[in-house]
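Notes for the one structure printed next.
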Amino acid sequence: MTGGTDVIGATALTSTGNLAEGNTFSFNREFLTVLSAGATPCTSLQTTYLYGDGTPNKSFAQPIAANARTTFLVNDPAQAGAGHPLSIHLSCASDPTGTFLAERPMYFNFFGDDGGSDVMAVPDNGLSQKAYFVEGETYFYEYLTVLNPNGTDVMGTVTYAVPPLHGMSSQKSWRFPAHSRTTINANADGASGEPGPFWVTVDSNSPALPLLVERALYFAY
């Protein structure tokens, strides 16, 4: 497998974490790496897998070592299990103020191209009613994955802004079900047409509740 990835270091530990993108299909191996540290290290991690295929969500507490790193294979049957699109929510079960840091490395072979990616989990207070993405190309396989952790469905708008040389901008309405992950094929949804760059915004409209949105890109470049 070839590839590379880059991530900015966290500036603080947290007691919650959210990851919108992820899947356990046969082409992908997803890991959850967790550092328990700080003044009150978390020693029991409440792990919730929110599926995007209608599978009932799975939530359980599992031990993690204080002042150490713990690694979970999300594809494992004891975790999310194989064959699902999913998001993850994390919190500290041992102490509401217990702190940790979580990342999600993934290694894949998709459409004949192999690679890997990694991203930091976002705390609950980092979710937002709007998300912006400046990078995007119709030459790539681009997906938007949306985690709605709220107890109610949210109606949202996805706006694809395409430079004038390549066509007009477009808006699409989406329903994001409660406690679930939604996957949007950006190329098919609104960025299709003449090959070229585009950028995206995702808005939470009715009700205006915080979401987490990730942009997954697969390409041979």
Subject >> Qualifying strands (runs of 3 or more DSSP E) (wholly inside region 13-114; at least 3 residues being at pLDDT below 95) >> reply: 100-110
Original post:
On the given criteria, is Tyr132 touching a residue at least 24 places away in the same chain (Cβ under 8 Å) and either outside any strand (DSSP E or B) or farther than 29 Å from Ala208 by Cα (or both)?
Top reply: no
**OP:** Scan Gly98, Gly3, Gly115 and give me the residue that is surrounded by 17 or more Cβ atoms within 10 Å (Cβ to Cβ), in contact (Cβ under 8 Å) with a residue 12 or more places away in the chain and touching a strand residue (DSSP E or B) at 6+ places or on another chain (Cβ under 6 Å).
**Re:** Gly98
**OP:** Within region 104-131, track down each residue that is touching a Gly at 6+ places or on another chain (Cβ under 9 Å) and closer than 23 Å to Thr40 by Cα.
**Re:** Arg104, Met120, Ala121, Val122, Pro123, Asp124
Subject >> Set Ser128, Ser117, Ser94, Ser59: member being closer than 21 Å to Ser15 by Cβ and within 16 Å of the chain's Cα centre (by Cα) >> reply: Ser128
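Can you go through Gly54, Gly83, Gly22 and tell me which one is touching a residue at least 60 places away in the same chain (Cβ under 8 Å) and either under 18 Å from Tyr143 (Cβ atoms) or outside the structural domain of Ser180 (by TED's automatic domain parsing) (or both)?
Only one candidate qualifies: Gly22.
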Original post:
Do we have any residue at all in region 193-203 that's at pLDDT 95 or above, in a loop (DSSP other than H, G, I, E, B) and crowded, with 17+ Cβ neighbours inside 10 Å?
Top reply: no
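Right, Thr48: among the polar types (S, T, N, Q) and under 17 Å from the mean Cα position of the chain (by Cα) or not?
yes
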**OP:** Given the conditions (1) modelled with pLDDT of 95 or more; (2) within 15 Å of Met120 (Cβ to Cβ), report the number of the one that Ala10 does not fulfil.
**Re:** (1)
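The values are calculated or read from the model by the stated rules, or taken from the named source; none is laboratory data. What you see is a predicted model; the values in this text were computed from it and never measured. Every residue, glycine as well, gets a Cβ built from its backbone with ideal geometry; the counts of neighbours run over all protein chains shown.
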